[in-house]
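The values are calculated or read from the model by the stated rules, or taken from the named source; none is laboratory data. Note that this is a predicted model, so its numbers are computed, not measured. Ideal geometry is used to build each Cβ from the backbone, glycine not excepted, and the neighbour counts take in all protein chains shown.
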Amino acid sequence: MLRLVEAFSGIGSQAKALENTGIPFETVMTVEWDINAILAYCLIHKKTIDTSEFENLSDEEVTDFLSACGLSNDSKQPMNDKALALLSPETRLQIYAAIKNTNNLVDIKKVRGESVPEDTDVFVYSFPCQDLSAARFWQKKAGGIRKEDKTRSGMLWEIERILSEMKSEGSKLPRILLMENVPAITGSRYSKDFGRWKHFLEKLGYINQSMVLDARNFGIPQGRERYFMVSVFTGDNEELQESVRQFYRNNNLEDRQHGECFHRRELELKDLLRTDYSNPIYRQEAIEYQPNETPSRHQISLDNPLIYRKDGTTESVVATITTTQDRNPNSGLVYCEPLKEGKPEWRYLTSRECFMLMGFDEEDYERIASFKRESPDKKGIFSNMSLDRMAGNSIVVDVLEEIFLQFPAVREMQDRYENPKAVSPEEKEWISSFFPIFRWGAKN
């Protein structure tokens with residue numbers, strides 16, 4: 001069974017991908033500070049937020065705990081005590097329960113090497129990408145991942161600290177690391193700092209395998225390129241190092257043909273858009289995503305394609321889902337007759353559609369939406385803005401599935417050299433059934 005740690009876990013696209021693959025796994029720790037993502041993660045992966053175990057706690061005890069956690073209500077800045085006090089006692093208890101139910105350590109800066117569970121198989125870290133944007137560079141704002149600048153994207157170096165502490169304490173390092181970020185991280189502006197990171201991992205005993213993958217090649221109708229780096233622990237075993245390199249050369253997910261052969265599903269955009277407005281929930285969501293007519297919104301209508309048109313035809317893909325659709329450019333516009341006076345004949349993608357375009361099931365989104373509708377505390381919990389942000393900050397589930405499907409084979413290689421008895425009979429059966437799709441030796 002894979003023991004998974006999700007740093008910067010968001011709404012848990014990593015855990016969702018592993019669930020879909022059928023690979024036996026256990027999430028042993030998460031790290032996420034955004035209260036919206038904390039609640040959403042619990043709703044998606046635990047199906048509910050169970051507060052029953054904690055109802056004997058006073059609101060003061062719950063508030064003191066949350067105040068010390070280092071929470072955020074916008075994923076950018078720490079949440080102050082005044083903002084925490086504005087939430088209802090019930091919502092504070094739900095956040096507390098969600099943290100406990102998902103083994104969430106909340107603040108990456110407070111995570112120590114000793115906090116990482118023993119025998120962690122997969123440690124994933126998708127640190128913030130905001131400071132890698134071209135806009136911040138040209139605006140001469142502090143950006144990048146330079147360690148000394150202490151930017152949000154510089155949270156990468158917290159992972160360096162955690163792994164260094166594990167090493168110095170004699171703890172066993174995670175067997176596989178998985179990093180995700182924007183392709184810009186490999187550009188010339190950041191090459192020195194990112195090279196420093198890769199060199200650090202190599203000194204620890206990892207082999208780094210990099211790839212840029214586009215969601216549209218994995219069955220999702222979204223043009224979304226992201227950089228992934230798999231780091232496999234090999235120590236100083238040169239034979240294992242070569243086996244890992246050969247495996248990834250022969251099973252390169254950047255090879256479009258390989259991706260097309262093995263991805264789980266092929267979704268079409270028309271199947272993900274919710275344009276049946278006889279459904280009162282879909283109708284209300286559409287109304288909320290039809291903006292008011294303004295000069296700036298008119299310009300948006302001129303500059304962005306109609307991905308769903310009046311005659312019912314659709315584009316094949318949408319542009320990258322970002323943290324907001326009310327922007328120029330955006331992911332595309334959906335034709336929609338004005339559902340309220342003063343609205344245009346189009347709308348943005350709804351948060352429901354964005355979640356599905358990130359590979360989540362509609363049932364996952366509906367659990368979140370139901371919580372929003374039923375919550376006694378509407379203020380600051382699951383607004384459309386926060387829902388859009390959670391989708392845009394996530395990772396496409398179907399892409400992760402393909403990456404994770406290679407891990408049992410990598411684990412088998414490690415075990416072959418480290419401890420042949422480490423793989424359980426259940427995993428051996430699963431791996432044996434999956435191995436035929438992999439190419440182990442030289443290509444024919």
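Picking from LYS100, LYS167, LYS110, which residue would you name as being in contact with a Cys (Cβ under 9 Å, 6 or more places away or on another chain), charged (D, E, K, R) and modelled with pLDDT of 90 or more?
LYS110
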In the stretch 197-222, what residues are under 30 Å from ILE321 (Cα atoms), part of a helix (DSSP H, G or I) and charged (D, E, K, R)? LYS198, ARG216
What residue, of GLU366, GLU315, is touching a strand residue (DSSP E or B) at 6+ places or on another chain (Cβ under 8 Å) and surrounded by 14 or more Cβ atoms within 10 Å (Cβ to Cβ)? GLU315
Number of the exception - ILE281 against (1) assigned to a loop (DSSP other than H, G, I, E, B); (2) farther than 30 Å from LEU213 by Cα; (3) touching a residue at least 60 places away in the same chain (Cβ under 8 Å): (1)
Which condition does ASP326 not pass, out of (1) at pLDDT below 95; (2) surrounded by 16 or more Cβ atoms within 10 Å (Cβ to Cβ); (3) within 30 Å of ALA17 (Cβ to Cβ), if it passes all the others? (2)
Going residue by residue through the stretch 223-245, is there one that turns out to be under 25 Å from ALA17 (Cβ atoms), in the same structural domain as ALA17 (by TED's automatic domain parsing), among the polar types (S, T, N, Q) and assigned to a strand (DSSP E or B)? yes
Could you please let me know if LEU4 is modelled with pLDDT of 95 or more, surrounded by 19 or more Cβ atoms within 10 Å (Cβ to Cβ) and more than 24 Å from ILE159 (Cβ to Cβ)? no
Wholly inside the stretch 311-419, helices (runs of 4 or more DSSP H) that include 2 or more residues that are free of Cβ contacts under 8 Å to residues at least 40 places away in the same chain are 351-357, 362-374, 407-418
Kindly state which helices (runs of 4 or more DSSP H) lie completely within the stretch 1-99 and contain at least 3 residues that are within 24 Å of the chain's Cα centre (by Cα). 13-21, 35-45
